[in-house]
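Q: Before I ask anything, let me first share the structure, which is written out below as structure tokens.
The values are calculated or read from the model by the stated rules, or taken from the named source; none is laboratory data. Note that the structure is a prediction, hence the values are computed from the model and not measured. Don't worry about glycine lacking a Cβ; one is built from the backbone with ideal geometry, like all the others, and counts go over all protein chains shown.
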Amino acid sequence: MNHPFLRRLCTLATLLACVSSYAATTPQAAQLHQLRLDLNGSLGDFYLLYGVDSDPAHLASVQQRVTQTDQLLSQLDAPADSAGLNTLQRLREQWPAYRALLQVLASSLQQQHSPSGGSIAELIQLNRLLTRLSDTLSVHYPPLTDPLASKSQALAMQLQIINTDYLAHSVGANVLGGDKPALDIQSKAFSESLQQLLQTQTRPEAQALLQSIQRRWRYIEPSLRHYQQDNVPTLVNRYSRRIIADLEQLPTLAKPAQVAKALQH
């Protein structure tokens, strides 16, 4: 018997099951990605408070990232292997020291008290330790199976690092930040990756969002490429955060289109 409606229902059920299975098997990867964004972003927020202005919005962003990281660390499931479990335990053990110092320094800056160079260096070192641990932990969880989600998350993390490095340079803290590639090199790599992603997307919704992202990126790219001459941290931070938020939304554009297409057949 030919039942088109039943076939559409079966197709839709299969799609929804796949989406549900995807969501159920990759929460750790998504949670850890957000945790890494917040770790890096919290240091950028501190740089803004330290060397740009004491805008309450920067302090609010610090608090939001701290709260979210607390939640993510408590929600992360233990990896199956002992090495991953040990890394997660170390991450949870080291986080409170960074959180406490970050909150103390951010609060002091809000009250117009300048922290010592030693305390800033300690904060940066703690952040680097947490970053290494979270990077190591990522290999102990199942990777994302959606290529678009994987690429968009990689770009979001790449831009978050660029943004924080630019803020560090803007306030003179770059000398304490390790041996990362120069900002112009990082910016060129991001631009190339963004262009490659744009060329691979055929869905109108995805193309439109990526084109919007690219326009915003082109606006701040010269300042990032010529970071030794241009010092516009507030502008770069605002545009970077918007781009990162858009990149995070990019993978969700596929699901409604896939479900609607299934119902039409």
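Q: Between Leu224, Leu144, which is in a helix (DSSP H, G or I) and either closer than 22 Å to Arg65 by Cα or touching a helix residue (DSSP H, G or I) at 6+ places or on another chain (Cβ under 7 Å) (or both)? Reasoning before the result, please.
A: Numbers: Leu144 fails: in a helix (DSSP H, G or I).
Testing whether each residue is in a helix (DSSP H, G or I) and either closer than 22 Å to Arg65 by Cα or touching a helix residue (DSSP H, G or I) at 6+ places or on another chain (Cβ under 7 Å) (or both) leaves just Leu224.
Q: Of the residues in region 17-38, how many are within 30 Å of Val62 (Cβ to Cβ) and either among the aromatic types (Phe, Trp, Tyr) or at pLDDT below 50 (or both)?
A: 1
Q: Answer yes if at least one residue in region 235-257 is closer than 28 Å to His58 by Cα, more than 16 Å from the chain's Cα centre (by Cα) and assigned to a helix (DSSP H, G or I), and no otherwise.
A: Looking through region 235-257, at least one residue is closer than 28 Å to His58 by Cα, more than 16 Å from the chain's Cα centre (by Cα) and assigned to a helix (DSSP H, G or I).
Q: Ok, one more. List the number of the failed condition for Ala121; all other conditions in (1) touching a His at 6+ places or on another chain (Cβ under 9 Å); (2) in a helix (DSSP H, G or I) hold.
A: Failed condition: (1).
Q: Looking at region 211-227, I want the residues that are in contact (Cβ under 8 Å) with a residue 40 or more places away in the chain and among the basic types (Lys, Arg) and have a partner that is in a helix (DSSP H, G or I) and surrounded by fewer than 19 Cβ atoms within 10 Å (Cβ to Cβ) with Cβ atoms under 6 Å, at least 6 apart or on another chain. Which pairs are those?
A: Between residues of region 211-227 that are in contact (Cβ under 8 Å) with a residue 40 or more places away in the chain and among the basic types (Lys, Arg) and residues that are in a helix (DSSP H, G or I) and surrounded by fewer than 19 Cβ atoms within 10 Å (Cβ to Cβ), the close pairs are Arg225/Asp184.
Q: Hey, could you check region 250-262 for residues that are surrounded by 13 or more Cβ atoms within 10 Å (Cβ to Cβ) and not β-branched (Val, Ile, Thr) and say which is modelled with the lowest pLDDT?
A: Applying the filter and picking the extreme gives Ala262.
Q: Looking at (1) exposed (fewer than 15 other Cβ atoms within 10 Å of the Cβ); (2) farther than 18 Å from Gln160 by Cβ; (3) of a type in the set (Asp, Glu), find the lone condition where Asp230 falls short.
A: (1)
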